[in-house]
Every structure is written in structure tokens, then in C-alpha cells.
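> My questions will all concern the structure given below.
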Amino acid sequence: MSSTVDGIVFLALAFATIGGAVMMLATRNVVHAAFWLLEVMLATAGLYMLLSAEFLALVQVLVYAGSVAVLILFTIMLTLRRREDAIRDFEPGWGAGILAVLFGGALLFAVERFSAQMRPGVMPEVVPDVAAFGEKLFTSWAVPFEIASLVLLVALVGAVWWSGGDGQ
Amino acid sequence: MVESVTADHTVLLMFIIVGAIFVPLTLTASHLLAPSKHDERKLDTYECGSEPIGPPWVQFRVGYYVYALLFVVFDIETVFLYPWAVAFDRMVVFVLAEMIVFIAILAGGLAYAWKEGALRWR
């Protein structure tokens, strides 16, 4: 029963992820593409949730769907001057088509050839939750955690310095 | 170990179902119950009365990007605060000091941004 529900949810999320990615590539408007990317990120967070990777799902929603999507939209806002700039003509290229077919063929061949040798992953009996993750992070990995704050500080100071402060 | 509520996906499923019902329900209810008086002004971009000038597609100043970058930095800080807050009750005081150092380092960066005037609205 539970595995059936999991299967249905997985199919829905997989469809949302791949469909969103295809729509992102197919749409001609760059703003629409950004929002499709956001949809893909959220669906991926759902897939992580399905794997009981709660923290990864949290990071996916907060960092990717939250800030990276905002950065992408800001970049679009900063670079486009008119509505026409956002819209790209549909220009199918033979080279791209041949490359896609070759790549897809290689991928299918690899899956067909090597899938028997690879065993499917097995979920552990007890999946560590966010609390267990936090416990580990703040005891065994305390120093890398503090280094992360320094990396963030560098990013912050760099962003402020690069923007030229108050423009004097 | 305390049984995690978030691990129980039935709660999440219930939340999604209730949310999926709630939104169309409120929209339909307001559509049915509210009096509908159509007006040209109501179709304006800003119903409060500000009239938009020029096209909405303009190039924004690059200064906005700093706010976006600052947002990313503090967003990642929030990501670290989550496991800290969840695991807080089973850890020693050292972990509290750890988080204070973490926030202090980032607060130093924020103070630098403040001093440089990056937070001033221009």
C-alpha cells in the first residue's frame, strides 16, 4: 500500500521535474524559462522528500527555489530593456539535433549495456532526521561549519565591495 | 529518539490536500459571495491609485543585485539555523557558542555592508 502511494507520488514528481525541464527549454520567453526552472527545483525538493532526505529538501527549497531563482530573476531584470529582449525566436539547428540524437543514443546504449552490473540502491533501515544531522554537524563537523561562515563572509564583503559601496 | 513529525509523510500529504482544497474554495467563495462591480480603475496595475508611467519592462539598476546577494548569504545562514534549532535540546552549551560565533562572523559582514552604505536606499 505504502509503496503504491510512493510510486504514484514519484511518478507525479518525476513528471513535474522532467516536464518542467522540457518546458523550460521549449519556452521562448526567458522569464517563463526562469519560472519553469523554479518549478523544476521545487519538484526536485519533493523527490528528496520522497527519499526522506529532509535537510536536502529544505536546502533545495530555501537555497535553490529561494535565492538562486531570485538571483536568476534579478539578472533578467537587470539585463533586459524591453519586452522584446526576453523573447527568442525558435531556431532549430541540424547540428543540435544530431548531437542530441547521438547523446541520447549513447545514453540508452550505456543504460542497456551496464544496468545489469549495477545493483539498485538500498534505503537504510533508519533514515537520520534533521536533528541527527544537526547533532553530527555541530559536534564532529564544527570546524567546517565555522569555515562556512567565513566563506559566506567573503561572499558578503565581496558583493558589497564589488558594488562600490555608496558610490563615492 | 523522538519520533520525527516531518518524517511522517501523511502529515505532509494532508497538508497538501487541505491546501489544494482551501485555495479554490476561498477563491470560489469570494467569487460567489462578493458583489461584483466592474470598473476601469480596478483593472489598473495599482488599484491604490498610483498610475504606472511607461512600460513595465525596464532595465533595473545594478544596485539591486547587492540586495539579492545579501539575501543569498543570509538565506544560507538560515539553512544552518534549522538543524541547529531542531537538535538544540540534546546538545551541550558549546554548540550555542558555536552558533553565536557563526552569527557574529556574518554580523561583522553585515556591519561592513552597513558602514559602506550598501544598505542605504538610493
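> How about the stretch A:1-105: which helices (runs of 4 or more DSSP H) wholly inside it have at least 1 residues that are in contact with a strand residue (DSSP E or B) (Cβ under 7 Å, 6 or more places away or on another chain) and over 26 Å from B:P83 (Cα atoms)?
By residue number, A:83-86.
> Return the total of residues in the stretch B:78-122 being in contact with a Lys or Arg (Cβ under 9 Å, 6 or more places away or on another chain) and of a type in the set (G, A, S).
1
> Next question, about the same structure. Is there any pair with a first residue in the stretch B:80-91 that is within 7 Å of another protein chain (Cβ to nearest Cβ) and a second that is assigned to a loop (DSSP other than H, G, I, E, B) and acidic (D, E) whose Cβ atoms are under 9 Å apart and which are 6 or more apart or on different chains, and what are they?
Pairs found: B:V86/A:D129.
> Same structure again: Return a yes/no flag: does the stretch B:34-51 have any residue that is among the acidic types (D, E) and at the interface with chain A (Cβ under 8 Å from one of its Cβ atoms).
No, the stretch B:34-51 contains no residue that is among the acidic types (D, E) and at the interface with chain A (Cβ under 8 Å from one of its Cβ atoms).
> Ok, one more. Take the conditions touching a residue at least 24 places away in the same chain (Cβ under 8 Å), under 15 Å from A:A155 (Cα atoms) and either more than 7 Å from chain A (Cβ to nearest Cβ) or open to solvent by 30 Å² or more (accessible area, probe 1.4 Å) (or both) and apply them to B:F74. Does it pass? I'd like the intermediate steps shown before the answer.
Values: touching a residue at least 24 places away in the same chain (Cβ under 8 Å): yes; under 15 Å from A:A155 (Cα atoms): yes; either more than 7 Å from chain A (Cβ to nearest Cβ) or open to solvent by 30 Å² or more (accessible area, probe 1.4 Å) (or both): yes.
Judged against the criteria, B:F74 is a match.
> Next up: Confirm whether B:V11 is farther than 29 Å from A:A131 by Cβ, open to solvent by 70 Å² or more (accessible area, probe 1.4 Å) and β-branched (V, I, T). Quick ask: steps written out before the conclusion?
Numbers: farther than 29 Å from A:A131 by Cβ: no; open to solvent by 70 Å² or more (accessible area, probe 1.4 Å): yes; β-branched (V, I, T): yes.
Taking the combined requirement at face value, the residue does not satisfy it.
> Something else: Here are some conditions: (1) touching a residue at least 24 places away in the same chain (Cβ under 8 Å); (2) surrounded by 12 or more Cβ atoms within 10 Å (Cβ to Cβ); (3) among the acidic types (D, E). A:D89 meets all but one. Which one does it not meet?
Every listed condition holds for A:D89 apart from (2).
> If we keep just the residues of the stretch A:114-149 that are in contact with a Ser or Thr (Cβ under 8 Å, 6 or more places away or on another chain) and in a loop (DSSP other than H, G, I, E, B), which is farthest from B:V92 (Cα to Cα)?
A:M123
> Next up: Would you point out which residue out of B:E77, B:E47 is in a loop (DSSP other than H, G, I, E, B) and either at pLDDT below 85 or over 21 Å from A:L73 (Cα atoms) (or both)?
Just a single option satisfies the conditions, and that option is B:E47.
> Let me ask another. Can you name the residue in the stretch A:111-144 that is more than 7 Å from chain B (Cβ to nearest Cβ) and surrounded by 14 or more Cβ atoms within 10 Å (Cβ to Cβ) and is also farthest from B:L81 (Cα to Cα) among such residues?
A:P128
> Just one of B:D89, B:D39 is open to solvent by 90 Å² or more (accessible area, probe 1.4 Å) and over 23 Å from the mean Cα position of the chain (by Cα); which is it?
B:D89
> Tell me yes or no: at least one residue of the stretch A:22-30 is open to solvent by less than 50 Å² (accessible area, probe 1.4 Å) and either away from chain B (no Cβ under 11 Å) or not small (G, A, S) (or both).
Yes, there is a match, as at least one residue in the stretch A:22-30 is open to solvent by less than 50 Å² (accessible area, probe 1.4 Å) and either away from chain B (no Cβ under 11 Å) or not small (G, A, S) (or both).
> Does A:A45 count as more than 8 Å from chain B (Cβ to nearest Cβ), farther than 16 Å from A:A21 by Cα and either of a type in the set (G, A, S) or in contact with a Gly (Cβ under 9 Å, 6 or more places away or on another chain) (or both)?
Here the answer is no, as A:A45 does not meet what is asked.
The values are calculated or read from the model by the stated rules, or taken from the named source; none is laboratory data. This structure is a prediction, so every number in the text was calculated from the model and none was measured. Cβ: placed from backbone, ideal geometry, glycine included. Neighbour counts: every protein chain shown. Only protein heavy atoms, including side chains, enter the accessible area calculation; ligands, DNA and RNA are left aside. Shrake-Rupley method; radii C 1.70, N 1.55, O 1.52, S 1.80 Å.
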